[in-house]
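A.B. asks: Here's a structure for you.
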Amino acid sequence: MSNSKGKFGIYGGRYIPETLMNAVNELQEAYLHYKDEAQFNEELTALLNDYAGRPSRLYYAKKTTEELGGAKIYLKREDLNHTGAHKINNVLGQALLAKKMGKTRLIAETGAGQHGVATATAAALMGMECVVFMGEQDTKRQALNVYKMRLLGAKVVAVTSGTATLKDAVSEAMREWTNRIDDTHYCLGSVMGPHPFPTIVRDFQAVISKEIKQQIMQKEGRLPDAVIACVGGGSNAIGSFYHFINDSSVRLIGCEAAGKGADTPLTAATVTTGSVGIFHGMKSYFCQDRYGQIAPVYSISAGLDYPGVGPEHAYLHDIGRAEYVPITDEQAVRAFEYLSRTEGIIPAIESAHALAYAFELAPKMGRDKIIIVTLSGRGDKDCAAIARYRGEEIYE
Amino acid sequence: MSRITDAFKNGKAFIPFITCGDPDLDTTAAAVRAMAENGADIIELGIPFSDPTAEGPVIQEANVRALSVGTTTDKIFQLVRTLRADVKIPLVFMTYANVVFSYGADKFFAACKDMQIDGIIIPDLPYEERDEFLPACRKYGVELISMIAPTSEERIDMIAKEAEGFIYIVSSLGVTGTRGQITTDISAIVERIRAVTDTPCAVGFGISTPEQAEKFAALSDGAIVGSAVIKILDKYGKDAPEHIAAYVKEMKQAVNSASERTGKIN
């Protein structure tokens, strides 16, 4: 989908300081070398299957489907992966690639802490040093994940610059990479940043849609009518969409975090409310003011709390291949509670954004239709925050 | 002829940087005049950006301070128009790609021409992406300054061959900010640049003392100083211009000694 300069239509590119150019070019060369190499793919598949627990299940949510009385709802259970989210798919790929490139140190940004925990996990497994940058605010909201990263042997740096959230963690990780390149790989957590990251991360996450396709053909003998996933930077969404992009009968729907509402300033719905800009190494949609200053964003979900979106999503939006819908905190929390009660599955609050839209859409579709929702992560990490949202103080 | 390149004709150049609007635009105006009167050869005017990924803490905080008092691209353009009544040395903008992109490249560089801005430095616009703005820069006669880093290696020839105005040599890995030591082999980079172009080159990132300015001006064609100027602004606020005047004078003298030492005298 992208050309050699890493452009998706007008989006993407490599808008980074000269200091990093050789590093991203080297990464691109290494990736092109290894991506089709049998040995690399064998090693990666072994890691994904034996260590991370792939393939993840495609679960028919029968009770939910019957209660809602419309399209059949299937859940792609990325929450059952080791470390509890889809993040591990990308991290194992990048860590293995970094190791082949002779790197001994991984750095990463993290919002909710899922990507940080996944990176710290891969670093522990492969005997690499690991430093994770996390907004100071997020280290407080997700103290348990900070502890987990330390337990796994990573160093966690609390970022105090800017708004002290995910975007600042990305900025700080990029700064650190310019400071130490020789032995360090920046293990970016989403389909964003400079080329080749949006392509590499997509390819490592595309295992999600590859499996969905095989599993649904086995179970239903046909393609689904819609695939729904939440979108922050957009890695689980692009992973869920990728092998369906050429199947025009399959609706691809990304659910953005609208926070208190896409018509309020307390939102992170980038495609819905943002405009085209250049930031964090890529041209894409960003929440920004008219002078290009990046806007502070808000969502109950620390993992979707990012003012941009991956360039391939911007492109899929522009060509009309994928739809992007805003989902508020309240809608997501209701879906979080509904799935817990109905299926006995506590979803990540990020994934609950996708569930919310699926629950809205399913009753409007016939019983012969099929919706697949990617459950990108598990919700244990969110329980305290959702309890607080409902006015209940609990202590972890 | 390039006014920027001309600024290197009479010896080594001293190039200070200032973040516009820190702590306010009146102070910026006074500071720019103080720099021009005390020997600055070119001045870099920073247009603040909310998330300056190539900057260390000192300039990051200056950006925050400038934006917090409502500094905008349009207000900075107004400031430059006023300054151009008496400030005649070359002025270049330093800002991030999104600031130019969101303003509209054509509109941005048309305004630059109108207010006699000579060039622009965009740290997140590498050689491979320069076509984003190069056509508009050419159309309005604004030189797009190229950067070369310690990691550039075999990229140097490609970048230097097409460079215009001057070449900004990034002294060290990492972000902007004062440094005790700079360990990069600047001479080797300069030698490689000079093999392919006559475009002058100046060294920045980490330079704060007269000793460093003299050393790196001697190795190249000039010295660029940012964070050290911002520290004076942070310390003295609205009273900073007189201190900046004294600092620029001292630094220009150091750069002049480098000119004398290397036989490149006024």
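The values are calculated or read from the model by the stated rules, or taken from the named source; none is laboratory data. Remember, it's a predicted structure, so these values are computed and weren't measured experimentally. No Cβ is skipped: glycine too gets one built from the backbone with ideal geometry, and neighbour counts run over all protein chains shown. Side chains included, ligands, DNA and RNA excluded: accessible areas come from the protein's heavy atoms. Shrake-Rupley method; radii C 1.70, N 1.55, O 1.52, S 1.80 Å.
A.B. asks: Hey, among the residues in region A:341-387 that are in contact with a strand residue (DSSP E or B) (Cβ under 7 Å, 6 or more places away or on another chain) and polar (S, T, N, Q), which one's nearest to A:Leu75 (Cα to Cα)?
C.D. replies: In this case the residue turns out to be A:Thr374.
A.B. asks: Can you name every residue in region A:318-342 that is crowded, with 19+ Cβ neighbours inside 10 Å and assigned to a helix (DSSP H, G or I)? It would help to see each step written out before you state the result.
C.D. replies: So in region A:318-342, the residues crowded, with 19+ Cβ neighbours inside 10 Å come out as A:322, A:324-329, A:331-333, A:335-336, A:339.
Passing the criteria: A:Asp329, A:Gln331, A:Ala332, A:Val333, A:Ala335, A:Phe336, A:Leu339.
A.B. asks: Let me ask you something else. Which number in (1) closer than 22 Å to B:Asp124 by Cα; (2) assigned to a helix (DSSP H, G or I) marks the one condition that B:Glu44 misses?
C.D. replies: Exception for B:Glu44: condition (2).
A.B. asks: Which of the residues that make up region B:77-102 are within 11 Å of another protein chain (Cβ to nearest Cβ) and open to solvent by less than 10 Å² (accessible area, probe 1.4 Å)?
C.D. replies: If we filter region B:77-102 for residues that are within 11 Å of another protein chain (Cβ to nearest Cβ), which is where we start, we get B:95-102.
Those that are within 11 Å of another protein chain (Cβ to nearest Cβ) and open to solvent by less than 10 Å² (accessible area, probe 1.4 Å): B:Thr95, B:Tyr96, B:Ala97, B:Asn98, B:Val99, B:Val100.
Per-residue answers, yes or no, for (1) of a type in the set (A, V, I, L, M, F, W, C); (2) within 11 Å of another protein chain (Cβ to nearest Cβ); (3) under 16 Å from the mean Cα position of the chain (by Cα):
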site	(1), (2), (3)
A:Thr273	no, no, no
A:Phe279	yes, yes, no
A:Gly292	no, yes, no
A:Ala295	yes, yes, no
A:Pro311	no, no, yes
A:Tyr315	no, no, no
A:Asp318	no, no, no
A:Glu323	no, no, no
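A.B. asks: Something else: When you scan region B:171-194, how many residues do you find that are within 14 Å of chain A (Cβ to nearest Cβ), among the β-branched types (Val, Ile, Thr) and closer than 17 Å to B:Pro57 by Cα?
C.D. replies: 2
A.B. asks: Return the residues of region A:131-148 that are aromatic (Phe, Trp, Tyr) and not in a helix (DSSP H, G or I); say none if nothing qualifies. Step through it out loud before you land on a result.
C.D. replies: Kept after step one, since they are aromatic (Phe, Trp, Tyr), are these residues of region A:131-148: A:133, A:147.
Across region A:131-148, the qualifying residue is only A:Phe133.
A.B. asks: Further, regarding this structure: Within region B:214-233, can you find the residues that are surrounded by 23 or more Cβ atoms within 10 Å (Cβ to Cβ) and under 14 Å from the mean Cα position of the chain (by Cα)?
C.D. replies: Matches in region B:214-233: B:Asp221, B:Gly222, B:Ala223, B:Ile224, B:Val225, B:Gly226, B:Ser227, B:Val229, B:Ile230.
A.B. asks: Let me ask you something else. Select, from A:Thr184, A:Thr270, the only residue that is open to solvent by less than 10 Å² (accessible area, probe 1.4 Å) and not assigned by TED's automatic domain parsing to the domain that holds A:Arg367. Before you say what the answer is, go through the steps one by one.
C.D. replies: Numbers: A:Thr270 fails: not assigned by TED's automatic domain parsing to the domain that holds A:Arg367.
Criteria check complete, one pass: A:Thr184.
A.B. asks: Name every residue in region A:187-238 that is at positive phi and either in contact (Cβ under 8 Å) with a residue 40 or more places away in the chain or polar (S, T, N, Q) (or both), in order of residue number.
C.D. replies: At the first step, the residues of region A:187-238 found to be at positive phi are A:193, A:221, A:234.
Result: A:Gly193, A:Gly234.
A.B. asks: Could you say whether any residue in region A:92-102 is in a strand (DSSP E or B) and under 22 Å from A:Gly310 (Cβ atoms)? Can you show your working first?
C.D. replies: Looking only at region A:92-102, we keep the residues that are in a strand (DSSP E or B), and these are none.
So far as region A:92-102 goes, no, none of its residues is in a strand (DSSP E or B) and under 22 Å from A:Gly310 (Cβ atoms).
A.B. asks: Confirm whether A:Tyr306 is within 16 Å of the chain's Cα centre (by Cα) and either among the β-branched types (Val, Ile, Thr) or closer than 23 Å to A:His280 by Cα (or both). Break it down stepwise before answering.
C.D. replies: Details: within 16 Å of the chain's Cα centre (by Cα): yes; either among the β-branched types (Val, Ile, Thr) or closer than 23 Å to A:His280 by Cα (or both): yes.
It is true that A:Tyr306 is within 16 Å of the chain's Cα centre (by Cα) and either among the β-branched types (Val, Ile, Thr) or closer than 23 Å to A:His280 by Cα (or both).
A.B. asks: Being within 14 Å of another protein chain (Cβ to nearest Cβ) and within 23 Å of B:Ile15 (Cα to Cα) narrows it down to one residue among B:Ala105, B:Ala149; which is it?
C.D. replies: On the way: B:Ala105 fails: within 23 Å of B:Ile15 (Cα to Cα).
Selected residue: B:Ala149, the only one of B:Ala105, B:Ala149 that is within 14 Å of another protein chain (Cβ to nearest Cβ) and within 23 Å of B:Ile15 (Cα to Cα).
A.B. asks: Please determine whether any residue of region A:330-345 is assigned by TED's automatic domain parsing to the domain that holds A:Ala258 and within 16 Å of the chain's Cα centre (by Cα). Break it down into steps so the answer makes sense when it comes.
C.D. replies: Applying the first criterion (assigned by TED's automatic domain parsing to the domain that holds A:Ala258) to region A:330-345 yields A:330-345.
From what is left, the residues that are within 16 Å of the chain's Cα centre (by Cα) are none.
For region A:330-345, residues assigned by TED's automatic domain parsing to the domain that holds A:Ala258 and within 16 Å of the chain's Cα centre (by Cα): absent.
A.B. asks: List pairs: first in region B:1-13 and open to solvent by less than 60 Å² (accessible area, probe 1.4 Å), second assigned to a loop (DSSP other than H, G, I, E, B) and of a type in the set (Lys, Arg), Cβ under 7 Å, 6+ apart or cross-chain?
C.D. replies: B:Gly11/B:Lys264; B:Lys12/B:Lys264
A.B. asks: Which one of the conditions (1) under 30 Å from A:Glu176 (Cα atoms); (2) in contact with a strand residue (DSSP E or B) (Cβ under 6 Å, 6 or more places away or on another chain); (3) open to solvent by 30 Å² or more (accessible area, probe 1.4 Å); (4) more than 14 Å from chain B (Cβ to nearest Cβ) does A:Glu256 fail to meet, given that it meets all the rest?
C.D. replies: Failed condition: (3).
A.B. asks: Another question, if that's okay. If you check A:Ala302 against the conditions, is it at pLDDT 95 or above and small (Gly, Ala, Ser)? Spell out how you get there, then give the answer.
C.D. replies: On the way: at pLDDT 95 or above: no; small (Gly, Ala, Ser): yes.
When the stated conditions are applied, A:Ala302 does not pass them.
A.B. asks: Residue by residue through region B:153-209, note down the ones that are open to solvent by 10 Å² or more (accessible area, probe 1.4 Å) and assigned to a strand (DSSP E or B).
C.D. replies: B:Tyr168
A.B. asks: Given the conditions (1) at pLDDT 95 or above; (2) hydrophobic (A, V, I, L, M, F, W, C); (3) open to solvent by 20 Å² or more (accessible area, probe 1.4 Å); (4) assigned to a loop (DSSP other than H, G, I, E, B), and given that A:Phe359 satisfies all but one, which numbered condition is not satisfied?
C.D. replies: (4) is the only condition that A:Phe359 fails.
A.B. asks: Can I ask one more? Within region A:7-19, identify whether any single residue is part of a helix (DSSP H, G or I), charged (D, E, K, R), within 19 Å of A:Met126 (Cα to Cα) and more than 20 Å from the chain's Cα centre (by Cα), and answer yes or no. Even if it seems obvious, please write down each step before you answer.
C.D. replies: Taking region A:7-19 as the starting set, the residues that turn out to be part of a helix (DSSP H, G or I) are A:18-19.
Of the ones still in play, those that are also charged (D, E, K, R) are A:18.
This time we only want the ones that are within 19 Å of A:Met126 (Cα to Cα), so: none.
Looking through region A:7-19, none of the residues is part of a helix (DSSP H, G or I), charged (D, E, K, R), within 19 Å of A:Met126 (Cα to Cα) and more than 20 Å from the chain's Cα centre (by Cα).
A.B. asks: Moving on. If we scan region A:29-37, do we find a residue that is open to solvent by 50 Å² or more (accessible area, probe 1.4 Å), outside the structural domain of A:Ser171 (by TED's automatic domain parsing) and either touching a residue at least 24 places away in the same chain (Cβ under 8 Å) or not basic (Lys, Arg) (or both)? Walk me through how you get there before you give the answer.
C.D. replies: Taking region A:29-37 first, the residues open to solvent by 50 Å² or more (accessible area, probe 1.4 Å) are A:29, A:32-33, A:35-37.
Within this subset, residues satisfying the condition of being outside the structural domain of A:Ser171 (by TED's automatic domain parsing) are none.
Looking through region A:29-37, none of the residues is open to solvent by 50 Å² or more (accessible area, probe 1.4 Å), outside the structural domain of A:Ser171 (by TED's automatic domain parsing) and either touching a residue at least 24 places away in the same chain (Cβ under 8 Å) or not basic (Lys, Arg) (or both).
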